[in-house]
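Enquirer: I have a structure I would like to understand better, so I am pasting it below and will then ask my questions one at a time.
The values are calculated or read from the model by the stated rules, or taken from the named source; none is laboratory data. Everything numeric in this text was worked out from a predicted model, so none of it was measured. Using ideal geometry, Cβ is built from the backbone for each residue, glycine included, and neighbour counts are taken over all protein chains shown.
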Amino acid sequence: MIQEAAERVLDHLEGVPDGPAANLDGAHEKAAELREPLPEEPTAYDDLLDTLFEEAIVHSSTNVHPGYMAYTPGGGLFHAALADFVADATNRYVGTWFAAPALVALETNVVNWFCEIMGYPDESFGLLTSGGSMANLVATITARRERLDDDFLDGIIYTSDQSHHSVSKATVLAGFPPENVRSIETDERFRMDVDALESAIEEDRDAGKDPLLVVGTAGTTNTGAVDDFEALADLCDREDLWLHADGAYGGFFSLTDDGREKLSGLDRCDSITVDPHKGLFLPYGTGAVLMRDGDALARAHSVEADYIPDWEPESGTVDFSQLGPELSRDFRGLRVWLPLKMHGIDAFRDTLAEKLELANQVADCLRNIDDVKLVAEPQLSILAFRVEPEGIEGEDLDELNQRVLEEINARNRIYLSGTTLNGRFAIRICVLSFRTHREHLADGLEDIEAVVSEVTE
Ligand SMILES: *Cc1c(COP(=O)(O)O)cnc(C)c1O
């Protein structure tokens with residue numbers, strides 16, 4: 001059975017680079033066909049694999065394709081899948097130390113490694129989550145529990161107008177009224193305006209509010225912009241505010257020399273979100289929240305129960321279930337541990353450095369195409385551009401760029417997505433897949449150039 005599944009997976013993955021970068025035509029019809037009632041009878045394994053590989057998997061946007069540079073590209077290191085197979089089939093319980101101390105130790109290593117990558121001190125610690133949204137939620141709740149009493153409805157959260165929507169979602173889920181989120185304007189490079197932030201904090205203090213938390217972004221979704229964490233940390237020190245860095249997309253670029261420089265100050269944040277399913281190329285379902293003061297998570301989340309042995313945080317053991325909302329969960333630590341041990345961290349460092357380099361190369365090439373204007377230079381591995389032929393403006397120009405995006409994607413070698421920057425439509429490129437190399441960008445640039453010359457003729 002393993003053999004058959006493995007063969008299908010390998011065949012599928014081998015075919016991906018030659019297939020389309022997205023394959024959504026007819027996907028809705030296929031989805032409707034696959035709806036069915038509770039099965040009474042067994043179905044042959046082979047037939048089920050057929051359904052999966054020939055009908056379900058192929059009708060999707062191919063976010064593992066080397067040309068997929070829309071939204072945030074998917075990783076899916078194969079070694080992580082092997083770890084999942086071992087973890088799921090052996091199915092040990094890693095929510096508490098006493099149930100599997102040696103396995104919990106492996107996941108503890110992973111969390112410590114992440115803290116080390118971020119330049120955090122020895123007393124730091126964290127928790128693997130299902131993703132960045134969950135990590136932002138855990139950080140927001142921890143900040144609230146550490147800094148405010150139970151009467152917290154005047155607590156104010158500051159973030160930029162470029163931050164990920166999971167930040168305001170986390171605020172609301174953490175119990176704050178939605179209007180307690182301040183969306184601070186950004187500068188010409190889409191980084192939080194620290195002066196504007198300072199004024200907003202002052203205004204709230206004057207109005208009797210409780211400024212609590214600043215969420216900076218270490219690599220925004222729109223353009224990969226990195227907030228000035230040194231300046232944010234200085235301000236938060238002065239104002240005694242909790243500083244959280246949302247590094248879901250960008251945090252792991254700390255592994256590279258260039259990235260570490262750009263993310264300077266990240267180690268001064270009280271907490272950091274990183275997404276191994278983005279920056280370490282792992283399968284979806286792998287995020288992490290890291291705390292400068294590792295004990296803060298337990299103070300915010302631990303609750304005792306009669307049917308579980310007591311856990312002493314000072315004992316040198318770790319009960320992950322006491323550090324976040326989940327009791328039972330998958331053994332996500334193994335999914336990180338195995339690939340990191342098999343490849344060594346240098347392989348990840350080199351791959352991330354390659355993505356930074358590729359984004360710069362693409363930017364250079366785009367600059368040389370007539371009528372193309374970079375709206376956002378790459379700060380990490382995301383950039384945004386527009387086609388701006390003379391004489392076309394406003395909504396007409398937005399429509400033209402929409403068309404450019406559609407036509408680039410229709411060629412099926414690369415897949416890009418759009419966004420709104422300064423109120424105008426822009427096309428973005430996010431280079432993050434471990435499968436994306438120079439030759440795929442060369443193909444992509446060829447397509448971009450061809451489409452641009454078509455529409456500007
Ligand atoms: C992807 C992303 C998130 C959300 O992470 P999920 O893992 O998708 O939940 C949050 N913030 C930023 C900056 C992101 O790029």
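Enquirer: Look at Val181 and say whether it is within 11 Å of the ligand (Cβ to nearest atom) and in the same structural domain as Gly224 (by TED's automatic domain parsing).
Expert: Criteria not met by Val181.
Enquirer: Within the stretch 26-44, can one find any residue that is basic (Lys, Arg), surrounded by 10 or more Cβ atoms within 10 Å (Cβ to Cβ) and under 18 Å from Ala81 (Cβ atoms)?
Expert: No, because not a single residue in the stretch 26-44 is basic (Lys, Arg), surrounded by 10 or more Cβ atoms within 10 Å (Cβ to Cβ) and under 18 Å from Ala81 (Cβ atoms).
Enquirer: Can you say whether Asp364 is under 26 Å from Thr62 (Cβ atoms) and surrounded by fewer than 16 Cβ atoms within 10 Å (Cβ to Cβ), as far as the supplied structure shows?
Expert: Against the criterion (under 26 Å from Thr62 (Cβ atoms) and surrounded by fewer than 16 Cβ atoms within 10 Å (Cβ to Cβ)), Asp364 does not qualify.
Enquirer: Determine which single condition Asp240 fails, assuming it passes every other condition in (1) farther than 24 Å from Leu340 by Cβ; (2) among the acidic types (Asp, Glu); (3) crowded, with 24+ Cβ neighbours inside 10 Å.
Expert: (3)
Enquirer: Shifting gears a bit: Among the residues of the stretch 375-395, what is the count of those that are touching a helix residue (DSSP H, G or I) at 6+ places or on another chain (Cβ under 8 Å) and either over 28 Å from Leu280 (Cβ atoms) or among the charged types (D, E, K, R) (or both)?
Expert: So the count comes out to 6.
Enquirer: Give me the pairs, please: first residue somewhere in the stretch 132-153 and of a type in the set (Phe, Trp, Tyr), second residue anywhere and away from the ligand (no atom under 16 Å from the Cβ) and part of a helix (DSSP H, G or I), beta-carbon distance under 7 Å, and either six or more positions apart or on two chains.
Expert: From residues that are of a type in the set (Phe, Trp, Tyr), the pairs are Phe152/Arg144.
Enquirer: Could you check the stretch 312-342 and list, in sequence order, the residues that are surrounded by fewer than 16 Cβ atoms within 10 Å (Cβ to Cβ) and in a helix (DSSP H, G or I)?
Expert: The answer is Glu314, Ser315, Lys341, Met342.
Enquirer: Is the stretch 38-54 home to any residue that is of a type in the set (A, V, I, L, M, F, W, C), closer than 30 Å to Thr419 by Cβ, out of contact with any Ser or Thr (no Cβ under 7 Å at 6 or more places or on another chain) and assigned to a helix (DSSP H, G or I)?
Expert: no
Enquirer: Within the stretch 118-142, work out how many residues are crowded, with 19+ Cβ neighbours inside 10 Å, more than 11 Å from the ligand (Cβ to nearest atom) and over 16 Å from Ala298 (Cβ atoms).
Expert: 3
Enquirer: Here is a further query. For a quick check of your reading of the model, give me the residue pairs whose first member lies in the stretch 202-218 and is within 30 Å of Phe253 (Cβ to Cβ), whose second is basic (Lys, Arg) and within 16 Å of the ligand (Cβ to nearest atom), with beta-carbon atoms closer than 9 Å and at least 6 apart or on different chains.
Expert: Gly216/Arg191; Thr217/Arg191; Ala218/Lys262
Enquirer: Any residue in the stretch 143-160 that is buried (at least 22 other Cβ atoms within 10 Å of the Cβ), of a type in the set (S, T, N, Q) and within 16 Å of the ligand (Cβ to nearest atom)?
Expert: Checking the stretch 143-160: at least one residue is buried (at least 22 other Cβ atoms within 10 Å of the Cβ), of a type in the set (S, T, N, Q) and within 16 Å of the ligand (Cβ to nearest atom).
Enquirer: How many residues are within 12 Å of the ligand (Cβ to nearest atom) and aliphatic (A, V, I, L, M) when one looks only at the stretch 161-175?
Expert: The number of residues fulfilling the criteria is 2.
Enquirer: In the stretch 261-281, which residues are in contact (Cβ under 8 Å) with a residue 24 or more places away in the chain and farther than 18 Å from Asn112 by Cα?
Expert: Answer for the stretch 261-281, where residues must be in contact (Cβ under 8 Å) with a residue 24 or more places away in the chain and farther than 18 Å from Asn112 by Cα: Lys262, Leu263, Ser264, Gly265, Lys278, Phe281.
Enquirer: So the check is Cβ under 6 Å with 6+ separation or different chains; which pairs have a first residue in the stretch 229-253 that's assigned by TED's automatic domain parsing to the domain that holds Ala296 and farther than 17 Å from Ala170 by Cα and a second one that's more than 16 Å from the ligand (Cβ to nearest atom) and assigned to a loop (DSSP other than H, G, I, E, B)?
Expert: Sorted first by the residue in the stretch 229-253, then by its partner, the pairs are Phe229/Gly265; Glu230/Ser264; Glu230/Gly265; Ala233/Gly265.
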